[in-house]
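Below is one structure; the comments refer to it alone.
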Amino acid sequence: MAKATTKFFELIIGQNDGEVHSGDVPVRWCVSNGLVEQLEEQEERNPHVLLIPVNPDLVAEDGTIRQHGREVGERKLVPMKDLMTYVRFNRPGKNRLLAYIVFGNTKGLKKIFLGKYCGDYTTTLLCEGELSITHRVKGWVYEDQHVDVNIEIPEGVFGKEPAPWRKWYANLWMRGILEDECHFRQRFWLVGTLKFFPVVAVASWFFVARGAIALGMALLGYKKVDWWPVIQPFNNYTRYVTWNCNNEDNFFLNLFTIDRNDHCNVVQSLSSFTGVFVTPLFLLIVALFILLLSVINGFGFWVGLMLMLVTMAG
């Protein structure tokens, strides 16, 4: 049974046998008479306990914090007099639970600490893994008394993690993170069914439009066209297709660039209008013209064909 305490405020975690057996963790608290007297003296009425599930800090091998803990799951706001509640955690392994004493009318407390918009809490409470006492919450929190306790959720109490592509599809065009398995099923089957045809339509449009841009840029002689935005339409922006093409101050100079070795045998990119005559598009036009002549006049057929094959291979 895990315990965390301050001088006046104690948090008790786990079942009666002192263990955590599921993702729904029983949490009890004890408050000293001295703290009750302080609250009464300061006329801080209607005290509640605010419970915030947080995942642990991501620590690098050298001990530095790579990413501070963030909220996971649902906040709980419980009257202090209840002395006990259950907090739901959604992932196994190490978790944290932050507990703060807040006070004020119940309606105001729920609006400040539990209010949501588009699936996200309207009041941000954490900064670098700790409670951020902003002007919005300053008059509602008893700052001197709070508890931070680590909780180990055992493996095997949750369902198997869905495949990455299923989580990606469930989260596509959705706000907020997945809260639990039920939330995932709701998104994947209910919302996912409704957005299937829009996803296919958007992916097809991106594939055709970006493919045309990439093909056109390649035919014009640009050397660093990126094809990944064509293949992975939802993970890239359209501008990434031509992002690496502009290696010169003038975007259009790349179109007429020829790589040559200087007297030190170092490759230099030289800009010249004559470069247009070696672009794949120009060579393809010439090849088609020769092939057309061979069909009409019966000569140059093999020359045109070979030139076309060399152009396509390049």
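Annotation: extensible slack from F234 through L172 equals 21.4 nm (criterion: 0.36 nm per residue apart, minus Cα-Cα distance).
Taking the fewest neighbouring Cβ atoms within 10 Å as the starting point, the ordered list for R175, R28 is R175, R28. Pairs with C-alpha atoms separated by more than 19 Å, drawn from the list K94/K116; K76/K167; K110/K138; K76/K107; K81/K116, are K94/K116; K76/K167; K81/K116. Computed across the stretch 203-245, the Kirkwood radius stands at 9.9 Å (inverse of mean 1/r, all Cα pairs).
Here, each number is a calculation from the coordinates, and none is a lab measurement. None of these values were measured; they are calculated from a predicted model. With ideal geometry, Cβ positions are generated from the backbone for all residues, glycine too; neighbour counts draw on all protein chains shown.
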